[in-house]
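Working notes, structure below.
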Ligand SMILES: Nc1ncnc2c1ncn2[C@@H]1O[C@H](COP(=O)(O)OP(=O)(O)OP(=O)(O)O)[C@@H](O)[C@H]1O
């Protein structure tokens, strides 16, 4: 027999559904007045209306800002959002530019393409550029993204240089002289030869990319991407394949750079290696960081600032210094130091904070939410998690020594022991974060040797962490929604095109339901980092519950909670036990443990020294000796 988790909050589902149909960000904001969508539309209308009257020079500058912003946008996704630094994006711009230049100018390409009309050659060039970029980026990403710390940026410098020298040394690409005679783009018989006309396409592509990426970040997939930065262990535990997501973000950033290169080639009508060297790669990173690497519009701001500044400096510095040279690079270096020192998140957040006085966030209204599919829970009493002779050695230190333990559906098992006894190590072993040196872990009867933690999540295990792992700047709602990642399926393209709204409504409704159930409804729309540490632990529990687990592992859930909060937590865990979850708790608060647990396992120096009911453990002399030097009654009030 099996059963599913019921809704313990009277009317919870309907409340959650209502909440989901109300835009989260706008819930507390006034419904009238300017919102960000109005501002963007007004800016686009202004740009369009004035485009025909702008001086030639301004159009040229705006075209370059658009092209650079496209590359910086990829870097925002990669660096600011995904937490990976690349100095090599200019090389991908080069791949996009050279691919189309070669297709459009080479006799060999013309022969291969067998009589393709000239107007279609640039589009064949785009297809080739994207395909090449996809293949190269996937390959480089698969190699480079395994590197961590400073090895990753060093890796990007290495392949950035390699590609740059490749462009200059391949005869077929014209060597250092490059390829001339790249034709203008032609769309439906209409030539985009004039920079003023091509500029419209450049900005249309940029705005489209901004819209699609905004949508992507505001989705299940976006939450998983955000979790890559500093939250990979957590994301894996919630079922996200982080290695795959990292490569996908890397490829996405490279494709944006390649599109920029394609447009650049048809704007310049000439391609040589110089604009794709490492210096320019660093400049792209400047743009993203100065603008605000965590914000999509920061890419546009950064590209505009750096382009305009460079333009002015190239004019003024030689005059001031009385000789010519790339002096602007020195100023950029100093500027970077000042910005990083004063505005670590870049300039966009400053601008956005100012604008917030007059402009509120645009509402994102979701359709009514249907419940997410429910997973049947195993019958009460069935063994859901089992550790057999689990040993973990760190060099000569035995952190866990042949530990045996079982968790059954519908019970709370507590794992206790003095500091350093090996509880967290064991936790990591039974949740797939780490592998035992010897011994076996079984989840739902399945052997889990060598399986990553996302496979534990797939089988119904969810956990909280001893050191809280939340996305601090994101709201409690978004954090908890990460827990429901595996229960939804819409991918990147659907998210970019906003085809995921019904599913997103269900995910957010489920997240709200779990937040309400954990007593944090009042904080749902506040950033997680602004909560007290104890409350953050409860957010972690809500996030774990959003995955609808059959096994729940909680690492010190009561730490930092006040008395009443502990009581509420105990009541919630009681409720979950009654619903049939198997719960394993590591906890130092003995009163909490003794009042809650059905059984207790005691670890000392990595070895199990006692097992039994709370009453048996409290009377066990070996436990008293080990735990408290034999002098106390485990601190439990009579
Ligand atoms: N990655 C590691 N490398 C080397 N030693 C480690 C590692 N992780 C844990 N240890 C050691 O293993 C032992 C058990 O540590 P663990 O953190 O599992 O204990 P704990 O019972 O969770 O302690 P606490 O209650 O203080 O969190 C300790 O001696 C610790 O120093």
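Wholly within segment 558-634, which helices (runs of 4 or more DSSP H) include no fewer than the required count, namely at least 1 residues that are in contact with a helix residue (DSSP H, G or I) (Cβ under 7 Å, 6 or more places away or on another chain) and within 16 Å of the ligand (Cβ to nearest atom)?
590-596, 621-628
Specify which of the listed residues (253, 204, 212) is in the same structural domain as residue 121 (by TED's automatic domain parsing) and buried (at least 21 other Cβ atoms within 10 Å of the Cβ).
253
Can you spot a residue in segment 178-189 that is touching a residue at least 12 places away in the same chain (Cβ under 8 Å), surrounded by fewer than 16 Cβ atoms within 10 Å (Cβ to Cβ) and on the phi > 0 side of the Ramachandran plot?
For segment 178-189, residues touching a residue at least 12 places away in the same chain (Cβ under 8 Å), surrounded by fewer than 16 Cβ atoms within 10 Å (Cβ to Cβ) and on the phi > 0 side of the Ramachandran plot: present.
Where residues in segment 433-448 are more than 13 Å from the ligand (Cβ to nearest atom) and free of Cβ contacts under 8 Å to residues at least 40 places away in the same chain, which of them is surrounded by the most Cβ atoms within 10 Å (Cβ to Cβ)?
448
To keep it simple, each residue is scored yes or no on (1) within 16 Å of the ligand (Cβ to nearest atom); (2) in a helix (DSSP H, G or I).
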residue: 450; (1), (2): no, no
residue: 456; (1), (2): no, yes
residue: 469; (1), (2): yes, no
residue: 478; (1), (2): no, yes
residue: 490; (1), (2): no, no
residue: 493; (1), (2): no, yes
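Return the total of residues in segment 377-402 being without any contact (Cβ under 8 Å) to a residue 40 or more places away in the chain and surrounded by 15 or more Cβ atoms within 10 Å (Cβ to Cβ).
Adding up the residues that qualify gives 1.
Any idea which of 239, 261, 281 is surrounded by fewer than 24 Cβ atoms within 10 Å (Cβ to Cβ) and in contact with a helix residue (DSSP H, G or I) (Cβ under 9 Å, 6 or more places away or on another chain)?
239
Looking only at helices (runs of 4 or more DSSP H) that lie completely in segment 45-125, which have at least 1 residues being at pLDDT 95 or above?
Per the criteria, 56-75, 89-105.
Considering each of 489, 467 in turn, give the residue that is surrounded by fewer than 20 Cβ atoms within 10 Å (Cβ to Cβ) and closer than 16 Å to residue 222 by Cβ. Walk me through how you get there before you give the answer.
Working: 467 fails: closer than 16 Å to residue 222 by Cβ.
Going through 489, 467 in turn, the sole match is 489.
Can you tell me which residue in segment 381-409 is farthest from residue 442 (Cα to Cα), limited to those that are more than 13 Å from the ligand (Cβ to nearest atom) and part of a loop (DSSP other than H, G, I, E, B)?
Result: 381.
Return the residues of segment 410-425 that are more than 9 Å from the ligand (Cβ to nearest atom) and assigned to a loop (DSSP other than H, G, I, E, B); say none if nothing qualifies.
Result: 410, 411.
The values are calculated or read from the model by the stated rules, or taken from the named source; none is laboratory data. Nothing here was measured: the structure is a model prediction, and the numbers come from that model. As a convention, Cβ positions derive from the backbone with ideal geometry for all residues, glycine included, and neighbour counts pool all protein chains shown.
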